[in-house]
Amino acid sequence: MQTYLKNGYIVSMDQRDTVFDGGGVLVEDDCITAVGNVDPRLVKPNAEVIDLQGKYVLPGFVNTHVHTSQQISRGVGDDVDFICWLHDRMWPFESNMTEEDSYVSTLMTSLELIRSGVTSFAEPGGQFVSGMARGTAESGLRGKLAKSVMDCGEGLPEIWQRTMEQELEQQVLDLEKYHNTADGRVQVWFGLRTIFNNTDELCVRTKELADQYGVGIHMHVAKAKEEKEYTYARWGEGTVKHLERLGVLDKNLLAVHTVWLTAAQLTDEELELFKKREVKISHNPASAMRVLGFARIPKMLAMGLRPSIGTDGASSSNHMDMVDEMWLTSLIHKGWRLDPTVVPSQDILRMATKWGSRALLDEDLYGSLECGKKADLIVIDPHGPSMMPVNDKIAALVTAMHSANIQSTMCDGKWLMRDRKILTLDEEAILKEACDRAKAIYKRAGIELPDRFPVVKI
């Protein structure tokens, strides 16, 4: 089956970042077979031909850090400090979730990801890879899934208190059962929650297993001020140097947040280690702004590092909208640096596409519109007051676009959304069930959110 998108503004994100104004994209089955000036002889008589009439086509966005199991906990952590968020809100909620809750939460996440142009994501760790795998498969998205792995730490709910061997065994079972399922769209990585909750032996063993199975490791790294204080008190060094000492710092490590790197004003040693070991980086601007701080993205770019973008979870950033995250990435670094030239729009588009696929170890498969790559793409309609008039077309995709401008989303050659209608999932049914399940979890967990204004029930 062929789909021919013609007469569009094709932002390829190839090695040269070539843009084809008035160009096309030819898709056959799950792959791209032609980009730019498409030879009409390649288009079969039975092909679906879509005249874009100037609409934009981009590679699908890659969300490199999203907690799918937290989607139905939206609002649980608003306006509280990090420790309260973790110990009093998030852990009680998540530890009271069932496998079916995780499945429905993943479906909820998928709806928002598809609507904001995401075709591939990395999940850092829920408790039920089985539920996440099922939801991802049904959505049509690509997902790198991991279990939330913790074998130590204060305040862990009793149900999560497991040994290192138990955690490793479960991950291997998940990987062997779900890795490369759903036509290869669903894959399983190893997870490490944080340095707070992972013993040194677990970190080392995880690295060994990840290398053995040829997959990545997803870990929160240098996330919070409390983490930096903990690592210095225990080892006299930060998380990055400690992971280097353990042999974990490597090209298959996806380091998330990376806000509290040590002695930033004096040395770039930890960033140099990232570069030397080809560590992958996920920047989550919304959740960082809430409580964590500011990652050194301008410095990373200047050093030749290639960070990606993630949304985090709905309990911390409240939304999974990659378009908003791109916009925030543009704004916050200009603001705290007082320099409007840093982190330009073209770099942010790279972060959301080809650098994202690189972070997920898939840069040869997707992240750009090139012959032979997977047909993961989005169609953007700039018509409307939010984007028009469009003078700087590339900048507008970052500084003016809303997710509502994303008209259609395709993954693996299949439309997940056409003309803003989700095709793979029953949106209304999922929304209803998710709300019912969230209410039940709050009750089981004993979480009561205070009324912010006097409420009069009529």
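Quick one: how many residues across segment 331-349 are buried (at least 21 other Cβ atoms within 10 Å of the Cβ) and either closer than 15 Å to residue 65 by Cβ or modelled with pLDDT of 95 or more (or both)?
Total satisfying the criteria: 3.
Could we say that residue 410 is surrounded by 22 or more Cβ atoms within 10 Å (Cβ to Cβ), in contact (Cβ under 8 Å) with a residue 24 or more places away in the chain and touching a His at 6+ places or on another chain (Cβ under 8 Å) here?
no
Taking the residues in segment 225-242 that are more than 20 Å from residue 122 (Cβ to Cβ) and hydrophobic (A, V, I, L, M, F, W, C) as candidates, determine which candidate is surrounded by the fewest Cβ atoms within 10 Å (Cβ to Cβ). Don't jump to the end; show me each part of the working.
As a first pass, look at segment 225-242 and keep what is more than 20 Å from residue 122 (Cβ to Cβ): 225-238, 241-242.
Now narrow it down to the ones that are hydrophobic (A, V, I, L, M, F, W, C): 233, 235.
Details: 233: 8, 235: 14.
For segment 225-242, the residue satisfying everything is 233.
Can you say whether residue 370 is in contact with a Lys or Arg (Cβ under 8 Å, 6 or more places away or on another chain) and surrounded by 13 or more Cβ atoms within 10 Å (Cβ to Cβ), as far as the supplied structure shows?
Details: in contact with a Lys or Arg (Cβ under 8 Å, 6 or more places away or on another chain): no; surrounded by 13 or more Cβ atoms within 10 Å (Cβ to Cβ): yes.
Here the answer is no, as residue 370 does not meet what is asked.
Out of all the residues in segment 272-300, which are among the small types (Gly, Ala, Ser) and modelled with pLDDT of 90 or more?
First, the residues of segment 272-300 that are among the small types (Gly, Ala, Ser): 282, 286-288, 293, 295.
Scanning segment 272-300 gives 282, 286, 295.
Of all residues in segment 308-324, count the ones that are without any contact (Cβ under 8 Å) to a residue 60 or more places away in the chain and either in a helix (DSSP H, G or I) or within 22 Å of residue 386 (Cα to Cα) (or both).
If we filter segment 308-324 for residues that are without any contact (Cβ under 8 Å) to a residue 60 or more places away in the chain, which is where we start, we get 317.
Retained after the next criterion (residues that are either in a helix (DSSP H, G or I) or within 22 Å of residue 386 (Cα to Cα) (or both)): none.
Selection size over segment 308-324: 0.
Tally the residues that are touching a strand residue (DSSP E or B) at 6+ places or on another chain (Cβ under 9 Å) and either at pLDDT 95 or above or acidic (Asp, Glu) (or both), restricting the search to segment 89-113.
We begin by selecting, within segment 89-113, every residue touching a strand residue (DSSP E or B) at 6+ places or on another chain (Cβ under 9 Å); these are 94, 97, 102, 105-106, 109-113.
Now drop any that are not either at pLDDT 95 or above or acidic (Asp, Glu) (or both), which leaves 94, 102, 105-106, 109-113.
So the answer is 9.
Being of a type outside the set (Lys, Arg) and buried (at least 17 other Cβ atoms within 10 Å of the Cβ) narrows it down to one residue among 43, 19, 80, 49; which is it? Steps first, answer last, please.
Details: 19 fails: buried (at least 17 other Cβ atoms within 10 Å of the Cβ); 80 fails: buried (at least 17 other Cβ atoms within 10 Å of the Cβ); 49 fails: buried (at least 17 other Cβ atoms within 10 Å of the Cβ).
The conditions single out 43.
How many residues are in a loop (DSSP other than H, G, I, E, B) and crowded, with 24+ Cβ neighbours inside 10 Å if we restrict to segment 52-73?
First, pick out the residues of segment 52-73 that are in a loop (DSSP other than H, G, I, E, B): 52-55, 60, 64-67.
Right, trim to crowded, with 24+ Cβ neighbours inside 10 Å and you get 60, 64-67.
Number of matching residues: 5.
Answer with yes or no whether residue 260 is aromatic (Phe, Trp, Tyr) and modelled with pLDDT under 95.
Details: aromatic (Phe, Trp, Tyr): yes; modelled with pLDDT under 95: yes.
Criteria met by residue 260.
What are the residues in segment 1-16 that are over 21 Å from residue 418 (Cα atoms) and surrounded by fewer than 17 Cβ atoms within 10 Å (Cβ to Cβ), if any? Can you show your working first?
Just the residues of segment 1-16 that are over 21 Å from residue 418 (Cα atoms), to begin with: 13-16.
Selection gives 15, 16.
The values are calculated or read from the model by the stated rules, or taken from the named source; none is laboratory data. Computed from a predicted model, the values in this text were never measured in an experiment. Cβ sites come from the backbone with ideal geometry, for glycine too, and all protein chains shown count toward neighbours.
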